[in-house]
1. What is the one condition in (1) buried (at least 23 other Cβ atoms within 10 Å of the Cβ); (2) over 17 Å from L183 (Cα atoms); (3) at pLDDT 95 or above that V235 does not satisfy?
2. Against the condition more than 10 Å from the ligand (Cβ to nearest atom) and assigned to a helix (DSSP H, G or I), how does L246 come out, does it pass?
3. What tally of residues in segment 52-83 results from selecting those that are in contact (Cβ under 8 Å) with a residue 40 or more places away in the chain and among the polar types (S, T, N, Q)?
4. Within segment 207-246, how many residues are more than 25 Å from R167 (Cα to Cα), more than 19 Å from the chain's Cα centre (by Cα) and of a type outside the set (G, A, S)?
5. Could you grab me the full set of residues in segment 257-268 that are open to solvent by less than 20 Å² (accessible area, probe 1.4 Å) and within 15 Å of the ligand (Cβ to nearest atom)?
6. Inside segment 269-279, can you point out the residues that are away from the ligand (no atom under 11 Å from the Cβ) and open to solvent by 10 Å² or more (accessible area, probe 1.4 Å)?
7. If we keep just the residues of segment 151-190 that are over 21 Å from the mean Cα position of the chain (by Cα) and among the β-branched types (V, I, T), which is nearest to E204 (Cα to Cα)?
8. May I ask you to list the residues in segment 119-135 that are touching a helix residue (DSSP H, G or I) at 6+ places or on another chain (Cβ under 7 Å) and closer than 21 Å to A299 by Cβ?
Amino acid sequence: MKATIATLPGDGIGPEVMVEALRVLDKIGEKFGHEFITTESLIGGAAIDATGTSLPDETIKTCEAADAILLAAVGGPKWSDPTASVRPEQGLLQIRQHFGLFANLRPVKVYPALVDHAPLRRDLLENVDILFVRELTGGIYFGDRQEMGDGDSSYDTMLYTKSEVERVANVAFRAAQGRRGKLTSIDKANVLASMRLWRKTVVELHEDYEDVELEHLLVDAATMHMLTRPSSFDVVLAGNMFGDILSDEASVLAGSLGMLPSAALGADTFGLYEPVHGSAPDIVGQSKANPIGMFLSVAMLLRYSLQLEDEAKTIENAIDAVLADGLRTGDIAGQADKVVSTTEFTDAVLAKL
Ligand code: NAD
């Protein structure tokens, strides 16, 4: 296969983990006989410095010409003045909106080799393997908002339409069919009208997916269940705000932010893939960054945008094998582990590939 991937290294540790991800991608291309053409562009702070905007037109054009986008991280202290009119994160929101990427997929898996590094008891963490599907372009983050003239009151509106719920719920039901066949839908149907529409729509759609077991949880109860029975979840579907909060809560189960990938998908196979972590200014330039979230984002890109399941699995298995050998970047190291640099960790993954 021949495919074009637009790469956006961004800021901080972004370029450090991107370089390593491209080595992994090259190796997969070589092993499976694919030609991956990569085209690099600016986003975030690096783009502000060079062009005055966080998402230059040139970057959008390059992404439009690609089959998928691979992004590392944006932001950093240099651009963090809250009063600035141009900010690195704007580039991220704009690119998701430009490509209509309404479904955010965030897998959270606890690796057996890292179970003692995470904050919950070992028996609670065994077999945790959750896929969050979060609605990404609607809900309260995109509703009408207003600060009232008196300075003492303001409002945000949470609006969902049936079709917005249906399209993201379809993604979640299909994902559950390809996994362990269970979907947990999160809402606040006891209080919010928009969430009653959410539940009603998910219940109706369930008729098309009778092989999937459907569970509904109120968001407040879900925060507790996430800590008391995390291994009972398979696919978790939530709106924009509840999905944001719950997926961050669950991310600590994996032991480090550096481990987690994500995908933002739209109506077809085009998608944007990025690790969950930010630009980690505190460790930049020291080859301390954990590249696993970035590598797993490459695996998701191969799986969802290019339908290369075997290639994706091969990367995931190589990471499992390196962790099982006891190699760790500093953020996931225990006392007995061998701490290696970003590049050394990648070398070990390439050797397994
Ligand atoms: P962060 O994710 O950058 O860092 C939080 C902590 O986790 C830090 O101690 C960092 O060293 C550590 N960490 C993160 N990724 C790691 C990795 N791969 N390996 C090892 N350790 C890792 O979050 P922050 O400090 O809140 O934000 C820093 C900057 O990143 C800010 O400008 C923020 O706006 C931006 N940010 C960007 C994104 C994105 O690009 N999607 C997401 C979150 C934050």
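The values are calculated or read from the model by the stated rules, or taken from the named source; none is laboratory data. On a predicted model such as this, the values are computed, not experimentally measured, just so you know. Ideal geometry is used to build each Cβ from the backbone, glycine not excepted, and the neighbour counts take in all protein chains shown. Ligands, DNA and RNA are excluded from the accessible area calculation, which covers all protein heavy atoms including side chains. Shrake-Rupley method; radii C 1.70, N 1.55, O 1.52, S 1.80 Å.
1. All conditions are met except number (2).
2. Working: more than 10 Å from the ligand (Cβ to nearest atom): yes; assigned to a helix (DSSP H, G or I): yes.
Judged against the criteria, L246 is a match.
3. 3
4. Of the residues in segment 207-246, 5 are more than 25 Å from R167 (Cα to Cα), more than 19 Å from the chain's Cα centre (by Cα) and of a type outside the set (G, A, S).
5. G258, M259, L260, P261, S262, A263, A264 - these are the residues of segment 257-268 that are open to solvent by less than 20 Å² (accessible area, probe 1.4 Å) and within 15 Å of the ligand (Cβ to nearest atom).
6. T269, F270 - these are the residues of segment 269-279 that are away from the ligand (no atom under 11 Å from the Cβ) and open to solvent by 10 Å² or more (accessible area, probe 1.4 Å).
7. My answer is T161.
8. From segment 119-135, those touching a helix residue (DSSP H, G or I) at 6+ places or on another chain (Cβ under 7 Å) are 119-120, 122, 124-128, 130-135; that's our starting set.
Answer for segment 119-135, where residues must be touching a helix residue (DSSP H, G or I) at 6+ places or on another chain (Cβ under 7 Å) and closer than 21 Å to A299 by Cβ: N127, V128, I130, L131, F132, V133, R134.
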